[in-house]
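The values are calculated or read from the model by the stated rules, or taken from the named source; none is laboratory data. Worth saying up front: this structure is predicted, and the values here are computed from it rather than measured. As a convention, Cβ positions derive from the backbone with ideal geometry for all residues, glycine included, and neighbour counts pool all protein chains shown. The area values use the complete protein model at the heavy-atom level, side chains included, leaving out ligands, DNA and RNA. Shrake-Rupley method; radii C 1.70, N 1.55, O 1.52, S 1.80 Å.
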Amino acid sequence: MLNYTLSTDQLIELRKAHRQTQNKREADRIKAVVLLATGWTAEQVAEVLQVDPNTVRNYFKRYQQGGLMTLCHMAYRGHEGWLSEIELALLDAHLEKHLYLTTKAIAHWVEEQFGVRYILNSFEIFVFETSFLFI
């Protein structure tokens, strides 16, 4: 079993950071470290945060290795998408000329034109990240 002991100053730092963050994922990581340091088991923390116990342990290790900056660093960037640059340009041109009321309708057009099927939630994220605007 790992030693999850933290100093009073470290706990103060973590609690202050938790109050200040607006990012849920950062808040959950900070909570995990605080809870481990205050006697909770990795399994208990994992149950509450709905993550794997190893993830909770890794959060603590990351904090020990590099403090808050390392703990809260989000390295995951996601998939770039299934459309080529040319297809993206065609989609952009199409949306300049056609008004769609839903992302579902746009996803349907993309599937018909390019044979690429998106899960609706993923497509909504794609539309947001590629800065297509809906008015």
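Number of residues in segment 58-88 that are more than 19 Å from the chain's Cα centre (by Cα) and either open to solvent by 70 Å² or more (accessible area, probe 1.4 Å) or modelled with pLDDT of 90 or more (or both) equals 9.
Taking the criterion of being open to solvent by less than 30 Å² (accessible area, probe 1.4 Å), without any contact (Cβ under 8 Å) to a residue 40 or more places away in the chain and either in contact with an Asp or Glu (Cβ under 9 Å, 6 or more places away or on another chain) or more than 17 Å from C72 (Cβ to Cβ) (or both), the residues of segment 7-48 that qualify are A42, A46. Close Cβ contacts (under 6 Å, 6 or more residues apart or on different chains) running from residues in segment 88-102 that are more than 18 Å from G115 (Cβ to Cβ) to residues that are open to solvent by less than 70 Å² (accessible area, probe 1.4 Å) and among the polar types (S, T, N, Q) are absent.
Would you be able to tell me the number of residues in segment 2-31 that are β-branched (V, I, T) and within 14 Å of M69 (Cα to Cα)? Walk me through it before giving the result.
Pass one, segment 2-31, residues β-branched (V, I, T): 5, 8, 12, 21, 30.
Applying the additional criterion that residues be within 14 Å of M69 (Cα to Cα) yields 21, 30.
Within segment 2-31, residues that are β-branched (V, I, T) and within 14 Å of M69 (Cα to Cα) number 2.
Across segment 102-135, the number of residues qualifying as assigned to a loop (DSSP other than H, G, I, E, B), open to solvent by 100 Å² or more (accessible area, probe 1.4 Å) and at pLDDT 65 or above comes to 2.
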